[in-house]
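Have a look at the structure below, then the notes.
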Amino acid sequence: MLPRVVQNHPYGTFAHFWGIFVRRLAHDAPSYSGVGASGKPGAVQVPPKQPKRSRLWLNDGSCIRLRPEYQNHVWSYDFVHCRTDDGKAFRTLNILDEFSRNCLAIRVKRKLNSTDVIDALTDLFNLRGPPAFVRSDNGPEFVARDVRAWIEAVGAKTAFIEPGSPWENGYIESFNARFRDELLNREIFYSLREAQIIIEGWRKHYNTKRSHSALGYRPPAPETIVSMEPRPTMH
């Protein structure tokens, strides 16, 4: 079964494969009464209770932890750096819907600035409508006055994270880690165009086929096949 899981998810890591494998074993295995962690027959091992976490508060008393509650509620975006085989650097602009985990876009260019951020968000806003919040890093591309003004002008609100606090943008940070582990660290890009094609293919696989533990091991946007009604034969 494990080789079949690896074949169906070529970009995954071992931890990702193992999670799917264990889940399928648990689903297929018959129920039985074993000996649990307490040593009593039939006892079920219960995960330890997680401690309560306080929210993150600013000095003025405002809360900066914003959790997505529905699709198009909170989008987040960030830059990732990589290089082609000739040593030249390129950057990717990754945009994520935090609730659905859907990777909305990955822009790949040698240089990316605030204008590129606005262009990418414009395309997505026209396609999907503006989200309630747009969360981002506090780098110069994201705190640029034009970007903030444009986001607010279309009806969304900005949510910048505190300096040195990447955990406040955990959704996009987690995505970036998988993006690097599953693709960037495995591929040699001989040109920028090749990088754009391969990265876009990985993005589609991530959205439509790669299972996510946070989504019950389902992809964020699985492909659907719509059956077409056969056309009547003309005599």
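The values are calculated or read from the model by the stated rules, or taken from the named source; none is laboratory data. Because the structure is predicted, anything quoted here is derived from the model rather than measured. No Cβ is skipped: glycine too gets one built from the backbone with ideal geometry, and neighbour counts run over all protein chains shown. Please note that ligands, DNA and RNA were not included when accessible areas were found on the heavy atoms of the full protein model with its side chains. Shrake-Rupley method; radii C 1.70, N 1.55, O 1.52, S 1.80 Å.
Condition first: open to solvent by 20 Å² or more (accessible area, probe 1.4 Å) and either in contact with a helix residue (DSSP H, G or I) (Cβ under 9 Å, 6 or more places away or on another chain) or in a strand (DSSP E or B) (or both). Now tell me which residues in region 127-142 satisfy that. Across region 127-142, the qualifying residues are PRO130, PHE133, ASP137, PRO140, GLU141.
Considering ALA153, ALA144, the condition of being modelled with pLDDT under 90, of a type in the set (Gly, Ala, Ser) and farther than 23 Å from ARG67 by Cβ is satisfied by ALA144 alone. Residues in region 107-126 that are open to solvent by 30 Å² or more (accessible area, probe 1.4 Å) and either among the aromatic types (Phe, Trp, Tyr) or touching a strand residue (DSSP E or B) at 6+ places or on another chain (Cβ under 9 Å) (or both): ARG107, LYS109, ARG110, LYS111, ASP119, ASP123. Across region 156-200, the qualifying residues are those that are part of a loop (DSSP other than H, G, I, E, B) and open to solvent by 80 Å² or more (accessible area, probe 1.4 Å), and the one among them that is modelled with the lowest pLDDT is PRO163.
Within region 67-81, being over 15 Å from PRO130 (Cα atoms) and assigned to a loop (DSSP other than H, G, I, E, B) holds for ARG67, GLU69. Counting only residues that are open to solvent by 10 Å² or more (accessible area, probe 1.4 Å) and in contact (Cβ under 8 Å) with a residue 12 or more places away in the chain, region 87-106 holds 10 of them. The residues of region 91-126 that are outside any helix (DSSP H, G or I) and charged (D, E, K, R), listed by number, are ARG91, ASP97, GLU98, ARG101, ARG107, LYS109, ARG110, LYS111.
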